[in-house]
Amino acid sequence: MHEYTIAYDIFATSKRAALENSATRIKKVCVDVGEMTMINPEQVIFLFETMCEDDALFKDCKLEAKTIPVKSICKCGYKGNEKYVCPNCGSLPEIIDGREISVTNIEIEVDDE
């Protein structure tokens, strides 16, 4: 169940960034989830929000996950979204996007003191 580890990493990264920027509250965290990560984004969201329940810094925080489609290239010159077999030459294309999980944005509140 690597979804738990991913949710925890997102939680820890968000908390660290918020504390480094003197946040009083984290409102929203946005992540990009590559199509080829083989994780269930809904499960990651559920686990993340469960972790947030006991931390006042995350009160009512939401996690938004955007799916990033596969982008691939092949040595024959093909560029597209094929995952397994190049439609031009039949070889295995190199996946250049769609395998990552990245925190892209963290919305925070800070005191104006």
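Let's see how each residue does on (1) out of contact with any Lys or Arg (no Cβ under 8 Å at 6 or more places or on another chain); (2) among the basic types (Lys, Arg); (3) touching a residue at least 12 places away in the same chain (Cβ under 8 Å):
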site	(1), (2), (3)
Ala7	yes, no, yes
Ala12	yes, no, no
Cys30	no, no, yes
Val44	yes, no, yes
Glu64	no, no, yes
Ser72	no, no, yes
Ile96	no, no, yes
Glu107	no, no, yes
Val110	yes, no, yes
Limited to the stretch 78-92, what total is found for residues that are in a loop (DSSP other than H, G, I, E, B) and under 17 Å from Met36 (Cα atoms)?
7
Among the residues listed as Leu19, Leu57, the single one being surrounded by fewer than 19 Cβ atoms within 10 Å (Cβ to Cβ), touching a strand residue (DSSP E or B) at 6+ places or on another chain (Cβ under 7 Å) and under 15 Å from Glu107 (Cα atoms):
Leu57
Just checking: which of the strands (runs of 3 or more DSSP E) contained wholly in the stretch 1-77 hold 1 or more residues that are touching a helix residue (DSSP H, G or I) at 6+ places or on another chain (Cβ under 7 Å)?
23-34, 62-68
All but one of (1) over 20 Å from the mean Cα position of the chain (by Cα); (2) within 14 Å of Ala7 (Cα to Cα) hold for Glu82; state the number of the condition that does not hold.
(2)
Considering only the stretch 45-54, I want to know if a residue exists there that is closer than 16 Å to Thr104 by Cα and surrounded by 14 or more Cβ atoms within 10 Å (Cβ to Cβ).
yes
Test result for Glu100, loosely packed, with under 15 Cβ neighbours inside 10 Å, at pLDDT below 95 and within 23 Å of the chain's Cα centre (by Cα)
yes
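The values are calculated or read from the model by the stated rules, or taken from the named source; none is laboratory data. Keep in mind it's a predicted model, so treat the numbers as computed, not measured. No Cβ is skipped: glycine too gets one built from the backbone with ideal geometry, and neighbour counts run over all protein chains shown.
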